[in-house]
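Since the structure comes first, as structure tokens, the remarks are kept for the end.
The values are calculated or read from the model by the stated rules, or taken from the named source; none is laboratory data. Note that the coordinates shown come from a computational prediction; the quantities given were computed from them, not determined experimentally. Heavy atoms of the whole protein, side chains included, go into the accessibility calculation; ligands, DNA and RNA do not. Shrake-Rupley method; radii C 1.70, N 1.55, O 1.52, S 1.80 Å.
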Amino acid sequence: MGGGKGGSDFSPRGKSDAEIMRFCQAFILELWRHLGPDMDVPAGDIGVGGREVGYMFGMYKKLTREFTGTFTGKGLEFGGSLIRPEATGFGGLYFVNQMLQTKGIDIKGKTVAISGFGNVAWGAATKATQLGAKVVTISGPDGYVYDPDGISGEKIDYMLELRASGNDIVEPYVEQFPGAKFVPGKRPWEVKVDIALPCATQNELNGDDARQLIANNVLCVGEISNMGCTPEAIDLFIEHKMMYAPGKAVNAGGVATSGLEMSQNAMHLSWSAAEVDEKLHGIMHAIHAQCVKYGTEPDGYINYVKGANIAGFMKVAHAMMGQGII
């Protein structure tokens, strides 16, 4: 909780549940001494979802003989929070919607390109649809799906089935929904849309992709995946005065809801989905306000990269100065 990243080179592809469980247990057997609710709190990421968190949490609980909020993204039956799986995507759309509103633009009726087809893409597609936008792409390592009718309802549910299968291929989507088109070996940024949302992995949107988006007059790019855009792409967005939100701001809803899960664990209670969602909305609104405060330039352009960097730096610097240089 708070910015560290770690992982392993174990691939879950082709492994049984029992093999994955044994690996998770062995991993925690070595790591558990360095974890704790007030020390370090792991959460899921690429390849690590509710199943893996559950296995790790179970082993941690066995070793420590304590039930604490040391892992987030747990199952609802043992301390997990409602909305945690989709929180990164939900928070991302709250931030993007705030960006558009700041410029007097309504998200309703806008078309959205999303990459990926996991939890982040699921949350983003769900919330974008709820806000009145139309999601027209999802993608995997093998290519992307373009669905001009919009990806919502049962189609979003099918995304989760694909993800749960452990198979990266998004091509079956086209077999299930014939109105869609599969484009192998390409990324969705070539589709003409209003909003582009990287939701898959790092460096998935490069300089050439950025030029394509700029040529297509995209209104807004929100980096919902961690480091989804390459430095070249980011520089191009800022150079062209585009609305671009970096991951450290726009995808903060996931870790924010991890914090909300820890709060519920500490208080030994569970909030309703509406309560968690309301708190998440408020957190994203506050982050956006900080970015605007520090990122607004003399010509009125809001440089969200600058705003997020300065806001983050100031928070750490003030804390360090306040606690003394140790």
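Normalising the average separation of contacting C-alpha pairs (under 8 angstrom, six or more residues apart) by the number of residues puts the relative contact order of the chain at 16 percent. For segment 153-236, which whole percent of the accessible surface, found with a 1.4 angstrom probe, sits on carbon and sulfur atoms? In segment 153-236, the share of accessible area belonging to carbon and sulfur is 48 percent.
Cross-link list Lys134/Lys181; Lys74/Lys155; Lys5/Lys127: which exceed 19 angstrom alpha carbon to alpha carbon? Violating the 19 Å limit, Cα to Cα: Lys74/Lys155; Lys5/Lys127.
Could you give the distance between the Cα centres of segment 6-24 and segment 160-212, to the whole Å? When both Cα centres are located, 26 Å separates them.
Mean projected area of the convex hull spanned by the Cα atoms of the chain, taken over all viewing directions: 17.9 nm². Residues considered: Met242, Met284, Met314. Largest GNM mean-square fluctuation over the chain, using C-alpha springs under 10 Å, is found at Met314. Excluding ligands and nucleic acids, what accessible area in Å² is computed for Phe67 using a 1.4 Å probe, to the nearest 10? Accessible area, nearest 10 Å²: 110 Å². Shown here: segment 98-186, whose C-alpha atoms stretch 40, 22, 22 Å along the first, second and third principal axes, sorted largest to smallest.
Among beta bridges identified by DSSP and lying wholly in the chain, the antiparallel ones come to about 50 percent. Does segment 118-277 come out rounded, prolate or oblate, given a ≥ b ≥ c as the square roots of the eigenvalues of its C-alpha gyration tensor, rounded meaning a/c under 1.5 and, failing that, prolate meaning a/b above b/c? It is oblate, given that a/c is not under 1.5 and a/b is not larger than b/c. For the chain, the solvent-accessible area of protein heavy atoms averages 49 Å² per residue (probe radius 1.4 Å; ligands and nucleic acids excluded).
Could you compute how fast segment 1-92 diffuses translationally, taking Rh as the Kirkwood radius over C-alpha pairs and applying Stokes-Einstein at 37 °C with viscosity 0.692 mPa s? Give it in µm² per second.
The Stokes-Einstein estimate is 239 µm²/s.
An ellipsoid equivalent to segment 266-326, defined through the eigenvalues of its Cα gyration tensor, has semi-axes of 28, 22, 6 Å when rounded to whole angstrom and sorted largest first. Look at the alpha carbon pairs under 8 Å that are at least 6 residues apart: their mean separation over the length of segment 1-148 gives a relative contact order of 16 percent. Hey, any idea what % of segment 64-140's accessible area is carbon plus sulfur with a 1.4 Å probe? Solvent-exposed carbon and sulfur of segment 64-140 make up 51 percent of the total.
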